[in-house]
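Shown next, in C-alpha cells, is the structure this report addresses.
The values are calculated or read from the model by the stated rules, or taken from the named source; none is laboratory data. Bear in mind the structure is a predicted one, so any value in this text is a computation, not a measurement. Every residue, glycine among them, receives a Cβ derived from its backbone with ideal geometry; neighbour counts consider all protein chains shown. Just so you know, the surface numbers come from the protein's heavy atoms only, side chains and all, with ligands and any DNA or RNA stripped out. Shrake-Rupley method; radii C 1.70, N 1.55, O 1.52, S 1.80 Å.
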Amino acid sequence: MGMPQTATGHRLLSLYRHLFRHFGPQRWWPARSRFEVIIGAILTQNTAWTNVERAIAAMRGAQLLNPRKIDAVPQEQLARLIRPAGYYNMKAERLKHFTRFLLTRYGGSVQRMFRGKRPGLREELLEISGIGEETADSILLYAGGRPIFIVDAYTRRVLERHGLIATNIPYGEIQRLFMTHLPTDPALFNEYHALLVAVGKTYCRRTPRCDDCPLLYDLPRGSPLLP
Ligand code: SF4
C-alpha cells in the first residue's frame, strides 16, 4: 500500500487502521460467484444481509442463480422467492432489468461485462432502472475488483460527525475524498467500506456510542460528541 501524501490521506488511513485493529478483516463480499455478488448488491438495498442470504438461498434452491433463468422466470414467481429480502416486487423487477441488460449487452456473461477497463461501465450500470450509485459501485468493486470507493449512509455519518465533510454533500464528493487521498487499491477500498459498515452498526448509530468506539481519538476538538 503506497503512502498518502496529504493530511486528509493520513487521517483517513489512520481511521482505517484503527477500525481494522478493532474489528479485524470483514471478508466481504460473501458470495459463491461474481454473479451472486451482483444479485446480493441489488437485494441488499434497504435490508439486513441475513435477509439477503435467505433470499439468495431460495433462488439457489430454485436453480435461479443464472441470468437466463432469471430472465425466463415470471416476475411474480421471482418476487415470491425473494420475499425475505423485503421490497420483493421492486427487487424482482430490478433483478430482471439487470439480467436483461447483461444478456443484451454481454451475452449473459459477467466476465465479458468486466473485460478490459472500460470506464463507461459505471454509466451503463447507472442507466439500469433501480441501480443507484451505491449499488453500481458495489458491483464494480466487489464483483469486478475495480478500485472504486462505495459511499453509504454509515460512511456519510462517520465523516460528518468527525468534521471531514459538510452535511448533505453529494455522493460523488464523498467518494472523491477517499479516492483522491487514499492509494488506488481495490483491496483497501473493499476492507475500508466493510469496516465503516461495522463501526456504523456497532457504535456510530443514530445515537452514537463514542465512549467505546475505536474512532473516539479522532473526534475533533469541540465536538459535541466528546465525552
Ligand atoms: S461513534 Fe463516535 S467516535 Fe465512533 S465513529 Fe461515530 S462519532 Fe466517531
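Can you tell me which residue in region 75-126 is surrounded by the fewest Cβ atoms within 10 Å (Cβ to Cβ), limited to those that are acidic (Asp, Glu) and either within 25 Å of residue 54 (Cα to Cα) or over 18 Å from the mean Cα position of the chain (by Cα) (or both)?
Residue satisfying both the conditions and the ranking: 76.
Tell me the helices (runs of 4 or more DSSP H) entirely within region 71-182 that contain at least 2 residues that are more than 16 Å from the ligand (Cβ to nearest atom).
It comes to 75-81, 88-106, 110-114, 121-127, 133-138, 171-181.
Pairs under 8 Å by beta carbon, first residue free of Cβ contacts under 8 Å to residues at least 40 places away in the same chain in region 34-57, partner among the basic types (Lys, Arg), six or more apart or different chains?
Qualifying pairs under 8 Å: 55/83.
Of 48, 72, 58, which residue is open to solvent by 50 Å² or more (accessible area, probe 1.4 Å) and over 18 Å from the mean Cα position of the chain (by Cα)?
The match here is 72.
Show the residue pairs that are 6+ apart or on different chains and have beta-carbon atoms under 6 Å apart, the first residue being within region 158-186 and free of Cβ contacts under 8 Å to residues at least 40 places away in the same chain, the second being open to solvent by 20 Å² or more (accessible area, probe 1.4 Å) and away from the ligand (no atom under 16 Å from the Cβ).
171/133; 184/147
Just wondering, is there one or more residues in region 28-40 that are assigned to a helix (DSSP H, G or I) and either of a type in the set (Gly, Ala, Ser) or more than 17 Å from the chain's Cα centre (by Cα) (or both)?
Yes, there is a match, as at least one residue in region 28-40 is assigned to a helix (DSSP H, G or I) and either of a type in the set (Gly, Ala, Ser) or more than 17 Å from the chain's Cα centre (by Cα) (or both).
Given the options 51, 46, 66, name the one that is polar (S, T, N, Q) and within 18 Å of residue 131 (Cα to Cα).
46
Tell me whether region 196-213 contains one or more residues that are touching a helix residue (DSSP H, G or I) at 6+ places or on another chain (Cβ under 8 Å), within 28 Å of residue 106 (Cα to Cα) and at pLDDT 95 or above.
no
Find the residue count for region 199-219, including only residues that are surrounded by 20 or more Cβ atoms within 10 Å (Cβ to Cβ) and assigned to a helix (DSSP H, G or I).
1
Of the conditions (1) open to solvent by 20 Å² or more (accessible area, probe 1.4 Å); (2) in contact (Cβ under 8 Å) with a residue 24 or more places away in the chain, residue 135 clears all except one; give me its number.
In the conditions (1) open to solvent by 20 Å² or more (accessible area, probe 1.4 Å); (2) in contact (Cβ under 8 Å) with a residue 24 or more places away in the chain, residue 135 misses (1) alone.
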